[in-house]
Amino acid sequence: MSIEVTYSNEFKARVFARAEELFLQGVMEGEVTLTEGRSATVHLWIDRKPDLVLFSAQGVEGPLAGHTVYVGGIKQEKG
């Protein structure tokens, strides 16, 4: 069984805008809030692939040209 998830252009634009902000500050990972009010927050990385990838995209212009942005998470060790 496989699941295909599509992401809206608004989602992608918000992720890339936040990634660009972070990159210009010299930061290669951070969070992006996806909604107003009751917020949903996801983690993003620039040029570092996390354990779990929900979405990734290659920058083609601007500060992120040639860089890959990943949205996802890190596996938690059971303890």
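The figures follow:
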read-out	value
C-alpha long axis of helix 9-24 to longest principal axis of the chain, angle in °	60 degrees
Extension gain, His43 back to Glu61 (0.36 nm per residue minus Cα-Cα distance, nm)	4.3 nm
Residues whose placed amide H lies under 5 Å from that of Leu54, excluding near-sequence neighbours	Val71, Gly72, Gly73
Estimated FRET transfer efficiency when R0 is 25 angstrom, pair Asn9-Ile74 (beta carbons, to 0.05)	0.40
Three-way shape call for the chain based on the alpha-carbon gyration tensor, with the a/c threshold at 1.5	rounded
Amide N of segment 62-79 lying under 19 Å from the label point, which is placed 7 angstrom from the Cα of Glu31 along Cα→Cβ	70-77
Within straight-line cross-link reach of Lys78, aspartates and glutamates at Cα separation under 16 Å, skipping those fewer than 8 residues along the same chain	Asp51
Ordering of 57-65, 44-52 by packing [mean C-beta count within 10 Å, highest first]	44-52, 57-65
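Only the coordinates and a few stated rules stand behind these numbers; no lab work does. Here the structure is a predicted model, which is why all the values come from computation and not from measurement. FYI the Cβ positions are ideal-geometry reconstructions off the backbone, even for glycines, and counts take in every protein chain you see.
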